[in-house]
Amino acid sequence: DVKVTQSSRYLVKRTGEKVFLECVQDMDHENMFWYRQDPGLGLRLIYFSYDVKMKEKGDIPEGYSVSREKKERFSLILESASTNQTSMYLCASSAGTDTQYFGPGTRLTVL
Amino acid sequence: GQSLEQPSEVTAVEGAIVQINCTYQTSGFYGLSWYQQHDGGAPTFLSYNALDGLEETGRFSSFLSRSDSYGYLLLQELQMKDSASYFCAVRDIGGRRALTFGSGTRLQVQP
């Protein structure tokens, strides 16, 4: 069975903290993605990676960075968390592009 | 860029048929995908259409008309467990291997 795991289901951080969200997939997929999901806005792409050490900006990369040192792991980093980054963060992986497998999500609250 | 439009909410009764429409605007097009997301859950892949016509998978079918930039998801014999949000998505046309998602349609199935 395909599996994408995320390091935390719920996370509470303070403004200005550096935040790491981890995502691991066990399907040997080349492509990995980070989205944020907010009510009424659907899923918005933050960053994605199609190979180890490769990364590309999505639609809303500002305030975020990513790291992909190993094929199975894709990390999202909030360099200095702000309240407007309070959101649900979803990680996904895929072999191609159209069938993406999502993790359970991390609900991040920034106080 | 690309944009997708789908209704924000649809309500139907158990046993009925419901159609969720999606129109898209892209400068290039590869295919239309559909994802389902239950409250508190991760999005899961339902279907993908690259060519015109209807694709059927059990109670769910998906249709695409490339000339009309339009597709729909058809759910038959509705069950209470079909209450969820449904997202259409197009493969990104900017040369990047990523999906752009619509803002989602919340389906409420009533007894």
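Just so it is clear, none of the values below were taken in a lab; they were calculated from the coordinates. Not measured: the values here are computed from a predicted model. We place every Cβ from the backbone using ideal geometry, glycine too, and count neighbours over all the protein chains shown.
In terms of other Cβ atoms within 10 Å, B:Phe60, A:Phe33, A:Phe20 run from fewest to most in the order A:Phe20, B:Phe60, A:Phe33.
The range A:68-111 and the range B:1-49 have Cα centres separated by 22 Å. In chain B, excluding the sites themselves, the longest stretch lacking any of the GluC sites (Glu not before Pro) that are in a DSSP loop with at most 14 other Cβ atoms within 10 Å is B:15-76. Length gained on full extension, B:Val13 to B:Thr44: 8.9 nm, using 0.36 nm per residue less the C-alpha separation. Over the range B:43-96, the ratio between the Cα radius of gyration and 2.2 N^0.38 Å evaluates to 1.25.
The mean sequence distance of close C-alpha pairs (under 8 Å, at least 6 residues apart), as a share of the length of the range A:10-111, puts its relative contact order at 36 percent. For the protein assembly as shown, the mean projected area of the C-alpha convex hull, equal to one quarter of the hull surface, is 12.0 nm². Shape index of chain B: Rg/Rh, with Rg the Cα radius of gyration and Rh the Kirkwood radius from the inverse mean 1/r over Cα pairs, equals 0.96.
Take each residue of peptide A:13-25, count the partner chain Cβ atoms within 10 Å of its Cβ, and average: the result is 0.
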